[in-house]
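This report concerns only the one structure given below.
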């Protein structure tokens, strides 16, 4: 993601906090180049910098190194402390890898910063144009057209583009197998405008998916390394679930009780995300920044909801361990 001018001061402050934390934990002085503090920001016209909004980065979630004895051996971990609204129930979000702990700690603060952006701001309108990323685009030997892609913003990976999203244009009909007849792209993988502690991978994230489907890149995408030519061959296996006595499935999602928060066709991942967000708003009083919001809800901000992190991480662990009923409410698609 780019460094939006609306929250640029808070992002720079977070970068300094990250540098101080790394120095405290490991005695390493990180270079300012890691965070690109002097690089240009993405400008959103007509809105003042949100530094005047009263938002402040919290100092209550410092990264700490901890150790414990297990089986007679000393084990160390790194994490940060989260407490409920009264402070009477606390736990440490810990990782055996210090790098994993720093990435999660940074992501937690980042979500609070980005929650300050008004919902009315369409971030994708203010990001780079496709010409800045795609130098050349051809399909079946013919140049791509400006109408062939849809631009959207991903909270982790920033500017993203979907080709042939609707599947109704005969231009994208596959006529022959083979490399010369597929999609050929020459891409520019520019790192200087991005935030390395949100995504440590340099290059391009790719996902091949069905038409009218929300791409969940963090779950199903794969990475393309910069500086080399990469060839991707695909083969589609179609699964038809019978439903009924053979197990529950849904044809279009119309019979699913969960209100989908994505304006695309039904997928299991879209349903699980929507289900979790509804429960999150109900139990924690605010929404998880990486998922769309239900009507009337607002994203979590520890200046307004100091205990939302304590609520969120416990709730998310319940989802991962199948202790929420989202997996019961969200059947797989029949096809």
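The values are calculated or read from the model by the stated rules, or taken from the named source; none is laboratory data. Being a predicted model, the structure only gives us computed values, none of them experimental. For neighbour counting, all protein chains shown are included, and Cβ atoms are generated from backbone atoms with ideal geometry for every residue, glycine included.
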Anything in the stretch 299-321 that is part of a loop (DSSP other than H, G, I, E, B) and touching a helix residue (DSSP H, G or I) at 6+ places or on another chain (Cβ under 9 Å)? List them, or say none.
300, 301, 302, 303, 305, 307
Which numbered condition trips up residue 16, out of (1) at pLDDT 80 or above; (2) not in a helix (DSSP H, G or I)?
(2)
Looking at the stretch 261-272, can you tell me whether even one residue there is surrounded by fewer than 14 Cβ atoms within 10 Å (Cβ to Cβ), over 18 Å from the mean Cα position of the chain (by Cα) and assigned to a loop (DSSP other than H, G, I, E, B)?
no
In the stretch 211-229, the residues that are surrounded by 13 or more Cβ atoms within 10 Å (Cβ to Cβ) and part of a loop (DSSP other than H, G, I, E, B):
211, 212, 213, 214, 215, 216, 221, 226
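Listed here are the residues, each with its yes/no results for (1) in a helix (DSSP H, G or I); (2) at pLDDT 80 or above; (3) loosely packed, with under 15 Cβ neighbours inside 10 Å; (4) at positive phi.
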residue: 162; (1), (2), (3), (4): no, yes, no, no
residue: 174; (1), (2), (3), (4): no, yes, yes, no
residue: 190; (1), (2), (3), (4): no, no, yes, no
residue: 195; (1), (2), (3), (4): no, no, no, no
residue: 205; (1), (2), (3), (4): no, yes, no, no
Would you mind telling me which numbered condition in (1) at pLDDT 85 or above; (2) part of a helix (DSSP H, G or I) residue 8 fails?
(1)
Does the stretch 315-322 contain any residue that is surrounded by 15 or more Cβ atoms within 10 Å (Cβ to Cβ), touching a residue at least 24 places away in the same chain (Cβ under 8 Å) and more than 24 Å from residue 166 (Cα to Cα)?
yes
Total residues in the stretch 76-90, condition surrounded by fewer than 16 Cβ atoms within 10 Å (Cβ to Cβ) and over 19 Å from residue 301 (Cα atoms):
3
Pick from the stretch 138-148 the residues that are at pLDDT below 90 and crowded, with 17+ Cβ neighbours inside 10 Å: which of them is farthest from residue 182 (Cα to Cα)?
148
Within the stretch 287-313, which residues are within 17 Å of residue 111 (Cα to Cα) and without any contact (Cβ under 8 Å) to a residue 24 or more places away in the chain?
287, 297, 304, 305
